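**Student:** Got a structure for you, questions after.
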Amino acid sequence: MAEGFKKGSFYMSIGWGVYGGFMILFNVFVARMLSPSGYGLISVLYSMILLTSFLLTSGLTTCLTKFVPELEGRKEAKSVPPLLKKVLKGFTLVILVFLLISILMQEKIVDNMLNGVKKLFFVYLTSVVIVSGVNMSQALLQGLREFFSSSMVLCIRGLTTLSALGALTAMGKTTTSNVATIFVLAPLTALLVATWLLHGERKRFLSIEENNQPEAPAGLTSFVVYSHFVGLSSISVLFLGPIMIKTLGTGDVDSAAGLLTAGINLFRPLPMVFAGFFLALFPSLSRAVGAKDKHLISKYI
């Protein structure tokens, strides 16, 4: 059931707070288990995964969190499926382009970023695709204002990350390559849960007569491009540090990247909690705009 802004902001803040807590513990344990350079390499890989997946999906996810609730506010939920089809086509295209470019640049990525470890390249490819899928499914859940479900996906992802590390520790297999595979397992679990949750919401926007197919909102492409660059400019600074050290630094760049990541992690939980607030605000505001509810619009602004 869709939640209002108050409940939504509470659920999303809790979800991001719990997820951030799990990731802090994960980083603390990994830093103690691996060598400084090993932890640094893991930090670089994780930053590459997050930055690339955000680069691929930023505009598309913003499109979902804006237009889905806005169409529902206008009582035009039947226009959501055409919107989803266009977004899915765009998502498929960017993923295929990413895979093609990555495969062509495989040697440079492996040698310059991943210390020649080919297994990490395949972890990178697989994880980027899966994390991008998680980003899209999370955006759709938020667009539908299913904030509790979105929060639950975050918590499951964080719990899976820490549990998988615990399993590797119990088996005595906490090598850099093995720890890296968690970046595939955890988002995959989250994606499966999100897909199951979305399947339960399908009746809200898929009950359309075949002879009366509406069109997606106008100006979709230009909005995606604009919001993509705005979103990327605001979030990329969180992930660029370890990557820039790796590409531009000299000496023991892996250890330096790990040290920077450890420092950033000390300040990351609070922004995550605030992120939950704004992730609930945007869909709620979009729905109010669609419904032309001036009272709610002025309240949210």
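The values are calculated or read from the model by the stated rules, or taken from the named source; none is laboratory data. Note that the coordinates shown come from a computational prediction; the quantities given were computed from them, not determined experimentally. Cβ placement follows ideal geometry from the backbone for every residue including glycine, while neighbour counts extend to all protein chains displayed.
**Student:** Take the residues of the stretch 14-36 that are under 14 Å from Thr174 (Cα atoms) and small (Gly, Ala, Ser): which is nearest to the chain's Cα centre (by Cα)?
**Tutor:** Ala31
**Student:** Out of all the residues in the stretch 168-198, which are small (Gly, Ala, Ser), in contact (Cβ under 8 Å) with a residue 24 or more places away in the chain and farther than 18 Å from Ser132 by Cβ?
**Tutor:** Listed by number, the list holds a single entry, Ser177.
**Student:** Quick check on Glu209: is it in a loop (DSSP other than H, G, I, E, B) and at pLDDT 70 or above? Full working, then the answer.
**Tutor:** Working: in a loop (DSSP other than H, G, I, E, B): yes; at pLDDT 70 or above: no.
When the stated conditions are applied, Glu209 does not pass them.
**Student:** Of the residues Val94, Val123, Val131, which single one is in contact with a helix residue (DSSP H, G or I) (Cβ under 7 Å, 6 or more places away or on another chain), of a type outside the set (Phe, Trp, Tyr), closer than 29 Å to Leu71 by Cα and surrounded by fewer than 23 Cβ atoms within 10 Å (Cβ to Cβ)?
**Tutor:** Checking each option against the conditions leaves just Val94.
Each row is one residue, and each column tells you yes or no for (1) among the aliphatic types (A, V, I, L, M); (2) surrounded by 19 or more Cβ atoms within 10 Å (Cβ to Cβ); (3) modelled with pLDDT under 90.
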| position | (1), (2), (3) |
| --- | --- |
| Ser150 | no, yes, no |
| Leu154 | yes, yes, no |
| Gly158 | no, yes, no |
| Ala167 | yes, no, no |
| Gly172 | no, no, yes |
| Val184 | yes, yes, no |
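**Student:** Given the options Ser35, Ser43, Ser47, name the one that is surrounded by fewer than 17 Cβ atoms within 10 Å (Cβ to Cβ) and under 18 Å from Ala257 (Cα atoms). It would help to see each step written out before you state the result.
**Tutor:** On the way: Ser43 fails: surrounded by fewer than 17 Cβ atoms within 10 Å (Cβ to Cβ); Ser47 fails: surrounded by fewer than 17 Cβ atoms within 10 Å (Cβ to Cβ).
None of the others qualify; the one that does is Ser35.
**Student:** Count, please, the residues in the stretch 83-129 that happen to be modelled with pLDDT under 90, within 25 Å of Val253 (Cα to Cα) and under 19 Å from the mean Cα position of the chain (by Cα).
**Tutor:** Counting residues in the stretch 83-129 that are modelled with pLDDT under 90, within 25 Å of Val253 (Cα to Cα) and under 19 Å from the mean Cα position of the chain (by Cα) gives 0.
**Student:** Another question, then. Which pairs do you get when a residue that is on the phi > 0 side of the Ramachandran plot and of a type outside the set (Gly, Ala, Ser), found in the stretch 141-167, comes within reach of a residue that is surrounded by 20 or more Cβ atoms within 10 Å (Cβ to Cβ) and not in a loop (DSSP other than H, G, I, E, B), reach meaning Cβ atoms under 8 angstrom, with the pair 6+ apart or on two chains?
**Tutor:** Arg145/Gly8; Arg145/Pro69; Arg145/Pro283; Arg145/Ser284; Arg145/Arg287
**Student:** Return yes when Thr62 is part of a helix (DSSP H, G or I), within 14 Å of the chain's Cα centre (by Cα) and among the hydroxyl-bearing types (Ser, Thr, Tyr) and no when it is not.
**Tutor:** Yes: the conditions hold for Thr62.
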